[in-house]
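Notes follow the structure.
Just so you know, all these numbers are worked out from the coordinates, no wet-lab data involved. Remember, predicted model here, so these are calculated numbers, not experimental data. All Cβ positions, even for glycine, are placed from backbone atoms using ideal geometry, and neighbour counts span all protein chains on display.
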Amino acid sequence: MFIFFFVGANAQDNDWRSQYVKWNLGVNYGLGKVEQNPNGQSEYYNKFSTSLSVDVALIENDVFDSSPLYLQPFIELSLPVKNPYNSGTKFSTYSGGVHLKKHINSGNFKSNFFVFGGGKLQFVVWDLKYGENKNYRHTEMDYVLSAGGGFVFFNQLELSLNYSKGLSNAYYSANVYDGLKKMNSINMGIRFTLANNWWFSNK
């Protein structure tokens, strides 16, 4: 898949307008920790998710694709995650938000290093098991702030690392009777910039 992607896809330089809007597909891993465990133990979740985002240039100068500042709306969907302390509970997340992304430029030329920060609205959908062969779904809402940085390879491959802090009590700890807790996480991600910018196709 990687070989096919890099052999068959070129950077978005086929149209001058493509420097302003860049569509991206991403895969993310997050190591999350539930706060305020009543037993004094740390509870960690491993979460994998996919994302679709778009980088919209806010500044541009006379050099192609040189914007140092982007607004980055995104949506994200996670795979089901099991509670390691209770096999009867698991959750998925559906979220959308926006980041402000700043490349560390040198003159008119964009640096491969960047920093970003922002937030998202996240729906935590729980699949709770109780009794014999009985399940029900329950949704909690979380407001998440995050900040981090990353590096761009080959103009199309981007690696990032960030820290996220949940502001709402949306996560069960050891079991459903412990009440809801907040979650913080460290996240690593990889994003691929789509070579063909469909937004400007045939325009």
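A few comments on the model shown:
- If R0 is 25 Å, the Cβ-Cβ spacing of N184 and L71 corresponds to a FRET efficiency of close to 0.50.
- Pairs from the table (K22/K110; K101/K182; K102/K182; K22/K102; K22/K165) lying more than 21 angstrom apart at Cα are K101/K182; K102/K182; K22/K165.
- For S111, the residues whose modelled amide H falls within less than 5 Å of its own, excluding neighbours fewer than 5 places apart on the same chain, are I104, N105, S106.
- Structural descriptor for segment 70-154: relative contact order 26 percent, calculated from alpha carbon pairs under 8 angstrom and at least 6 residues apart.
- Backbone phi angles across segment 45-56, fed through the Karplus curve with coefficients 6.51, -1.76 and 1.60 (θ = phi - 60°), yield HN-Hα couplings of 10, 9, 10, 10, 8, 10, 9, 10, 9, 9, 9, 10 Hz in residue order; Gly and Pro are listed as x.
- For segment 54-125, the normalised intensity computed at q = 0.13, 0.25, 0.28 Å⁻¹ comes to -0.54, -1.04, -1.16 (log10 of I(q)/I(0), Debye sum over alpha carbons, equal scatterers, no solvent).
- 13 Å beta-carbon shell around L167, net charge (K/R +1, D/E -1): +1
- Taking 19 Å as the straight-line reach from the Cα of K129, the aspartates and glutamates in range (excluding those fewer than 8 positions away in the same chain) are E140, D178.
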